[in-house]
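The values are calculated or read from the model by the stated rules, or taken from the named source; none is laboratory data. All values reported here derive from a predicted model rather than from experimental measurement. We place every Cβ from the backbone using ideal geometry, glycine too, and count neighbours over all the protein chains shown. These accessible areas exclude ligands, DNA and RNA; they are computed on the full protein's heavy atoms, side chains included. Shrake-Rupley method; radii C 1.70, N 1.55, O 1.52, S 1.80 Å.
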Amino acid sequence: RTRLLSEVVMQKTDGLILHVIEFLGRLMEDKLLTHSFAKGWEYDSDLIDVCPITESVAELFAAKLRRLSEEVMLGLQICSCFGSQVERRVIDFVKDYDGESSVDINAAIDAAVSEGLVERTGQIFLFAHDMIQQAAFDSIKEDDLAPLLRKLAASLIKNSSAVKQTESILFIAVDLINRIGCEAIKSAKERLLYARLNSRAGKKALSAPDFASAVMYAESGISFLDDDHWESHYGLSLSLYETSVAAY
């Protein structure tokens, strides 16, 4: 009767007794695990499965990252670039981010789920704790970060455009781009593309309205423009500055 509960608790605590006690106590406090003489133990394994682990357990699981294979670790690093959770469709859009050399991200996620590092809920993958996501992201070498973000952003834009879903993932792509920073982009064509995407994101944020984000996107877009942008790209320049002013 408690087999499913036992499996979830094992995954969440790695079987360490102090963590098991701590986790079960929290489940009972949250009424996710109850007991009565009439019905015995009652629980919802699906709800417990998405219950976040504690920070002390997260530290234990973060240490597991160092023991993962290179392929699984790279898959987790890619997921960590999108934050504490990522939609399955986003993973599908970037699975060929590096051409034939791309790591199998879905296989990496499956391995991470079995280790209790990542959880699935519907069409979303979640890191079991923000600490694990941060540890995975911090493990990316500094010299590798900008090239990885560029490849992910390019793959996201290309593949979402092919199925006409660009607008729905616009903010995700632009957030990746802005983390690269204008200093790392030397190609004039690429800088212009990033400025245009920021302009679109800024306008969408302004209409939400989300003024803080609108300003951020407008200023990021301006940073990607060349020195002669008023002469070479007047319309785009004007749009970015108008968004920035309107959001203030």
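A few comments on the model shown:
Every residue, every condition in (1) among the acidic types (Asp, Glu); (2) modelled with pLDDT of 90 or more; (3) within 24 Å of ARG200 (Cβ to Cβ), yes or no:
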{"residue": "ILE109", "(1), (2), (3)": "no, yes, no"}
{"residue": "THR121", "(1), (2), (3)": "no, no, no"}
{"residue": "GLU142", "(1), (2), (3)": "yes, yes, no"}
{"residue": "ARG150", "(1), (2), (3)": "no, yes, yes"}
{"residue": "ALA154", "(1), (2), (3)": "no, yes, yes"}
{"residue": "LYS158", "(1), (2), (3)": "no, yes, yes"}
{"residue": "SER168", "(1), (2), (3)": "no, no, yes"}
{"residue": "ASP175", "(1), (2), (3)": "yes, yes, yes"}
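- Residue within the range 174-188 that is open to solvent by less than 60 Å² (accessible area, probe 1.4 Å), aliphatic (A, V, I, L, M), out of contact with any Cys (no Cβ under 9 Å at 6 or more places or on another chain) and touching a residue at least 60 places away in the same chain (Cβ under 8 Å) present: no
For (1) modelled with pLDDT under 90; (2) among the β-branched types (Val, Ile, Thr), each residue gets a yes or a no:
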site	(1), (2)
PHE23	yes, no
LYS64	yes, no
GLY83	no, no
VAL86	no, yes
ASP104	no, no
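- Residue within the range 15-25 that is more than 30 Å from LYS158 (Cα to Cα), among the aromatic types (Phe, Trp, Tyr) and not in a loop (DSSP other than H, G, I, E, B) present: yes
- Condition check for VAL50: open to solvent by 50 Å² or more (accessible area, probe 1.4 Å), farther than 21 Å from LYS141 by Cα and touching a residue at least 60 places away in the same chain (Cβ under 8 Å): yes
- Yes/no for LYS31 being surrounded by fewer than 20 Cβ atoms within 10 Å (Cβ to Cβ), more than 20 Å from the chain's Cα centre (by Cα) and on the phi > 0 side of the Ramachandran plot: yes
- With respect to (1) of a type in the set (D, E, K, R); (2) in a helix (DSSP H, G or I); (3) modelled with pLDDT under 95; (4) within 18 Å of PHE93 (Cβ to Cβ), the lone exception for LYS164 is condition (2).
- Annotation note: of GLY116, GLY75, GLY122, GLY83, the sole residue that is of a type in the set (Gly, Ala, Ser) and more than 23 Å from LEU47 (Cβ to Cβ) is GLY75.
- In the range 85-137, residue farthest from the chain's Cα centre (by Cα) [restricted to those that are of a type in the set (D, E, K, R) and open to solvent by less than 60 Å² (accessible area, probe 1.4 Å)]: ASP98
- Entry remark, the range 72-121: residues being polar (S, T, N, Q) and in contact with a Gly (Cβ under 9 Å, 6 or more places away or on another chain) number 1 in total.
- Residues (of a type in the set (A, V, I, L, M, F, W, C) and loosely packed, with under 14 Cβ neighbours inside 10 Å) located in the range 59-83: ALA63
- Among residues of the range 53-82, those that are of a type in the set (Lys, Arg) and without any contact (Cβ under 8 Å) to a residue 24 or more places away in the chain, counted: 2
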